[in-house]
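Remarks on the structure that follows.
The values are calculated or read from the model by the stated rules, or taken from the named source; none is laboratory data. Being a predicted model, the structure only gives us computed values, none of them experimental. Every residue, glycine as well, gets a Cβ built from its backbone with ideal geometry; the counts of neighbours run over all protein chains shown. Surface accessibility is based on the protein's heavy atoms, side chains included, excluding ligands, DNA and RNA. Shrake-Rupley method; radii C 1.70, N 1.55, O 1.52, S 1.80 Å.
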Amino acid sequence: MLQLKEPGLLRQQCYIDGQWRDAPDGRTEPVRNPATGEILGTVPVMGAAEAREAIEAAQAAWGGWRALTAQRRAEILRAWYQLMLDHAEDLARIMTAEQGKPLAESRGEVAYGAAYFEWYAEEGKRAYGEVIPGPAGDRRVVVVREPIGVCAAITPWNFPSSMITRKAAAALAAGCPIVVKPAPETPFSALALAVLAGRAGVPAGVFSVLTGDAPAIGGEMTGNPLVRKLSFTGSTEVGRLLYAQCAPTVKKLSLELGGNAPFIVFDDADLDAAVEGAMICKYRNTGQTCVCANRFYVQDAVYDEFARRLARKVAELKVGNGMDEGVTQGPLIDEAALRKVRGHVEDAVGKGARVLAGGKPHALGGTYFEPTILVDVEAGMKCATEETFGPVAPLFRFKDDAEVIALANATEYGLAAYFYSRDIGRVWRVAEALEYGMVGINAGVVSNPAAPFGGVKQSGLGREGSRHGLDDYLVVKYLCMGGI
Ligand code: ADP
């Protein structure tokens, strides 16, 4: 049993229009702890009809929510932020139990996720318009930015809380209600947020969470004309499908899809800093983030030394149940993830790569995998083109800047890229040449609420965080004022 200070934060019902609800036919599905296989509880299996109800409730609540002053909305978001901090330990325990990440990482995610509420509480006050000099003396051109309307969000399991808060914070600050469908693996973090939303004073219908049949709920969210915007974080494959489903009703979309992040270490890099960045960039969340380094390109002269120092750090990682003290790497989310990671390692080794560390499922069994480093990795291997989403660092060797830039850009993805160099000229040139939405320069982690998170190419559309994230929930209205 999961021990919580406030057991009521673990809700096994959906939150629709301010009400806690079971599925009409009573159907439920279990939620498991990936570290132990234990069933933590169940959630309702809702479908299209319940999604429609939540959307209609959001539409009904929209007028009241947008009519509040930005200051009043800010007070409510700020209260939600404070409640997350007050309950941070319980929220972190719920997250580790359903997702598997070490408790320290869950605490970090709760703080990071909460910070979006604080940040957007302030930014919502700055949805400024403009006055443009008119085309004739009796005309004025006035531009206002208004909330787009009912929003829907579909979120993944790798960041069960913050992928919701960074959508909901911007939507609510802009004056929009939002209906959320969390991932089936991690619904309890989402439902705990709903408990706190109610307490913070978020009105009924403005924030709803429903679990269940993903294609049915997704079908309603994408097909219902009341929904004016969909924000999705997940796989490129599902993102493409939802994009197509939104076409008939011409919805605005934000898509945060897959990545295939290069992590480049140039020969003038501070190698210890590069190793430190690589550790967090690769092994955080057991390598299961869309911005995790997927391909390490290390320049010839420093290749062996970088590999040696990285291996020394990897040997310090402690694999185990994320609830246990000192554990720094939890299990993978499920069997399919384990098969993929294992497949990538076997493919690389079969084609000539060498295992420098790890390389196989962990002795703990289940979905645990050893933190792994592969050397002598080459372009024809699966890990060069596909997202591994696991704790495997493949090290490719390169000679010069032009070569590595071409290799780094040779992917349909364009989310995050990282590189280490101390040469200011090279820093500018490489940063400009990388076809990515985000570039970490001598930094292995880039996300924070003040910065625009998002990708180019097939990694997605739109930005989350920063003032650009607010824009994604606003529409521009132009008022042409004549007869002045
Ligand atoms: P992953 O492979 O990492 O689980 P997915 O893209 O499959 O990523 O899942 C991300 C989110 O998309 C989850 O909430 C999942 O339930 C949802 N999802 C998956 N398929 C569909 C679909 N056909 N329609 C709507 N949502 C979907």
message: Filter segment 160-191 down to the residues that are in contact with a helix residue (DSSP H, G or I) (Cβ under 6 Å, 6 or more places away or on another chain) and either surrounded by fewer than 24 Cβ atoms within 10 Å (Cβ to Cβ) or part of a loop (DSSP other than H, G, I, E, B) (or both) and list them by number.
response: Pro160, Ser161, Gly175, Pro177, Pro182, Thr186
statement: Screening Thr249, Thr286 for residues that are modelled with pLDDT of 95 or more and open to solvent by 30 Å² or more (accessible area, probe 1.4 Å) leaves only Thr249
message: Considering only residues that are within 26 Å of the chain's Cα centre (by Cα) and of a type in the set (Asp, Glu), which ones fall in segment 407-431?
response: Glu412
Condition met for Pro184 (closer than 29 Å to Asp90 by Cα and within 16 Å of the ligand (Cβ to nearest atom)): yes
message: I'm checking my understanding of the structure. Among residues of segment 252-290 that are assigned to a strand (DSSP E or B) and of a type in the set (Gly, Ala, Ser), which one is nearest to the chain's Cα centre (by Cα)?
response: Ser254
- request: Out of the residues in segment 237-251 that are assigned to a helix (DSSP H, G or I) and of a type in the set (Val, Ile, Thr), state the one that is farthest from Ser459 (Cα to Cα).
  value: Thr249
- request: Would you confirm whether any residue within segment 392-414 is within 27 Å of Tyr120 (Cβ to Cβ) and open to solvent by less than 10 Å² (accessible area, probe 1.4 Å)?
  value: yes
query: Which of the residues that make up segment 200-216 are within 13 Å of Ala49 (Cβ to Cβ) and either among the aromatic types (Phe, Trp, Tyr) or buried (at least 24 other Cβ atoms within 10 Å of the Cβ) (or both)?
result: Leu210
field: Subset tally (residues that are away from the ligand (no atom under 16 Å from the Cβ) and not in a helix (DSSP H, G or I)) for segment 192-221
entry: 7
- prompt: Which one is farthest from the ligand (Cβ to nearest atom) among residues in segment 232-280 that are closer than 30 Å to Leu470 by Cβ and among the aromatic types (Phe, Trp, Tyr)?
  reply: Tyr243
message: Considering only residues that are part of a loop (DSSP other than H, G, I, E, B) and open to solvent by 40 Å² or more (accessible area, probe 1.4 Å), which ones fall in segment 124-159?
response: Tyr128, Gly129, Pro133, Pro135, Ala136, Gly137, Asp138, Arg139, Trp157
- line: Subset of segment 39-56, residues outside any helix (DSSP H, G or I) and in contact (Cβ under 8 Å) with a residue 60 or more places away in the chain, comes to Leu40, Gly41, Val43, Pro44, Val45, Met46, Gly47
query: What is the number of the single condition among (1) over 23 Å from the mean Cα position of the chain (by Cα); (2) of a type in the set (Val, Ile, Thr); (3) part of a helix (DSSP H, G or I) that Thr36 does not meet?
result: (3)
Residues located in segment 334-348, provided they are without any contact (Cβ under 8 Å) to a residue 60 or more places away in the chain and either open to solvent by less than 60 Å² (accessible area, probe 1.4 Å) or assigned to a loop (DSSP other than H, G, I, E, B) (or both): Ala336, Ala337, Leu338, Val341, Gly343, His344, Val345, Asp347, Ala348
- request: Keeping to segment 167-189, report how many residues are out of contact with any Gly (no Cβ under 6 Å at 6 or more places or on another chain) and closer than 15 Å to Tyr112 by Cα.
  value: 4
query: Does at least one position in segment 362-378 carry a residue that is assigned to a loop (DSSP other than H, G, I, E, B), free of Cβ contacts under 8 Å to residues at least 24 places away in the same chain and either open to solvent by 50 Å² or more (accessible area, probe 1.4 Å) or polar (S, T, N, Q) (or both)?
result: yes
field: Test for Thr286: is it more than 10 Å from the ligand (Cβ to nearest atom) and closer than 23 Å to Tyr368 by Cα
entry: yes
message: Give me the residue from segment 153-169 that is touching a strand residue (DSSP E or B) at 6+ places or on another chain (Cβ under 7 Å) and of a type in the set (A, V, I, L, M, F, W, C) and, out of that set, nearest to the ligand (Cβ to nearest atom).
response: Ile154
